[in-house]
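> The structure's right below; bear with me while I get my questions together.
The values are calculated or read from the model by the stated rules, or taken from the named source; none is laboratory data. Treat the numbers as computed from the prediction; the structure is a model and nothing was measured. Note that each Cβ is placed from the backbone with ideal geometry, even for glycine, and that neighbours are counted across all protein chains shown.
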Amino acid sequence: LHVRSRRQRQMCIRDRILTDKKSIAKLIGLDIVAEIADDYTYQTDAENAKYTPVDALKDAWFDEVEDQLNSYQIAEYLGRVDWNGIAEDAINAAEERRDAEEEAREYEDNPDNWIYDKETGVWDERY
């Protein structure tokens, strides 16, 4: 890190917060990122082509930082963030949630007396 200047250190920390994948997701809001990814997994390809998860993430990020950064900084950060990586991670998590929900529905309809504990993610046999 920058030893000479406190301002340089602060700018470096701010840059990391505004470009790191996990920090971006937290800044936007983990619930909003999850909602964007969930929408993607449930929509058709045609719907997703109109408004991609990357576009939705950028818009949500912009809403969070527009009052804090000038237009030059916004353009610079938009180019430095791995938007595709953030979207891919969120979509993978959404697909796992969707698969778990579908599996839970299958077992709920299962006459073999198995129950799915949504809290632990484990199947248990009913007693």
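> From the set of residues in segment 78-91 that are surrounded by 12 or more Cβ atoms within 10 Å (Cβ to Cβ) and free of Cβ contacts under 8 Å to residues at least 60 places away in the same chain, which is nearest to residue 34 (Cα to Cα)?
Ranking the candidates gives 91 first.
> Here's a follow-up. Which of the following residues is in contact with an Asp or Glu (Cβ under 9 Å, 6 or more places away or on another chain) and at pLDDT 80 or above: 60, 37, 49?
Just a single option satisfies the conditions, and that option is 37.
> Can you pull out the residues in segment 48-100 that are more than 17 Å from residue 31 (Cα to Cα) and among the polar types (S, T, N, Q)?
Selection gives 48, 52, 68, 70, 71, 73, 84.
> May I pose another question? Cβ-Cβ below 6 Å, separation at least six or inter-chain, first residue in segment 34-53 and more than 17 Å from residue 99 (Cβ to Cβ), second among the charged types (D, E, K, R) and exposed (fewer than 15 other Cβ atoms within 10 Å of the Cβ): which pairs?
none
> Answer yes or no: is there a residue in segment 101-117 that is modelled with pLDDT of 90 or more and more than 18 Å from residue 27 (Cα to Cα).
no
> Going through segment 24-33 one residue at a time, which ones are loosely packed, with under 15 Cβ neighbours inside 10 Å and either more than 16 Å from residue 96 (Cβ to Cβ) or modelled with pLDDT of 95 or more (or both)?
Once the filter is applied, which keeps residues that are loosely packed, with under 15 Cβ neighbours inside 10 Å and either more than 16 Å from residue 96 (Cβ to Cβ) or modelled with pLDDT of 95 or more (or both), segment 24-33 yields 26, 29, 31.
> From (1) surrounded by fewer than 13 Cβ atoms within 10 Å (Cβ to Cβ); (2) of a type in the set (Phe, Trp, Tyr); (3) out of contact with any Lys or Arg (no Cβ under 8 Å at 6 or more places or on another chain), pick out the condition that doesn't hold for residue 42.
Only one criterion in (1) surrounded by fewer than 13 Cβ atoms within 10 Å (Cβ to Cβ); (2) of a type in the set (Phe, Trp, Tyr); (3) out of contact with any Lys or Arg (no Cβ under 8 Å at 6 or more places or on another chain) is unmet by residue 42, namely (3).
> Are there any helices (runs of 4 or more DSSP H) wholly within segment 28-122 with 3 or more residues that are over 20 Å from the mean Cα position of the chain (by Cα), and if so which? Explain how you work it out, then say what you get.
Numbers: elements: 30-42, 45-50, 53-65, 71-80, 83-108.
Passing ranges, in order: 71-80, 83-108.
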